[in-house]
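Worksheet: the structure to be examined is printed underneath.
We did not get these values from a lab; they are worked out from the coordinates using the rules stated. Everything numeric in this text was worked out from a predicted model, so none of it was measured. A quick note on method: Cβ atoms are made from the backbone with ideal geometry, for glycine too, and the neighbour counts reach across all protein chains shown.
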Amino acid sequence: MSTAGLSDLYVTAELDRRPTVLPDYRREMLAIHELAGRMAETPDDVLPRFVDLALEITGGVSAGLSLYE
């Protein structure tokens, strides 16, 4: 069994190489409003929709959410 070191877990250098894109504050605000509405109506759908919105807003091809408890 191999163990991962800290350098395998942090991708800061890779993130630094990515181009900077200006934020779309209006789109982000609309996403937050949508998520707030879903929390009230269908809370189980919030996290999957959060990931979908993150992909849409950032133009990403993969996304995830890490929770620290």
Label-to-label distance, nm, for residues given as residue 58 and residue 36 (7 Å Cα→Cβ offset): 2.3 nm
The chain, dipole about Cα centre (Lys/Arg Cβ +1, Asp/Glu Cβ -1), debye to the nearest 20: 220 debye
Dipole of the chain, positive direction: furthest Cα of 20, 62, 3, with charges on the beta-carbon: 20
GNM flexibility winner over the chain from 53, 15, 30 (Cα, springs under 10 Å): 15
Gaussian network model of the chain, springs between alpha carbon atoms under 10 Å - residue of 47, 22, 35 with greatest fluctuation: 22
FRET efficiency, residue 49 to residue 12 (Cβ-Cβ, R0 30 Å, nearest 0.05): 0.60
Integer Hz, Karplus 6.51/-1.76/1.60 couplings in order for the range 52-62, x for Gly and Pro: 4, 5, 4, 5, 4, 5, 8, x, x, 10, 8
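Assign one of three labels to the chain, namely rounded, prolate or oblate, based on the Cα gyration tensor with a ≥ b ≥ c the square roots of its eigenvalues; rounded applies when a/c is under 1.5, prolate when it is not and a/b is larger than b/c, and oblate otherwise.
Since a/c reaches 1.5 but b/c is at least a/b, the shape of the chain is classed as oblate.
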Choice from 46, 21, 11 with maximal GNM fluctuation in the chain (Cα, 10 Å cutoff): 11
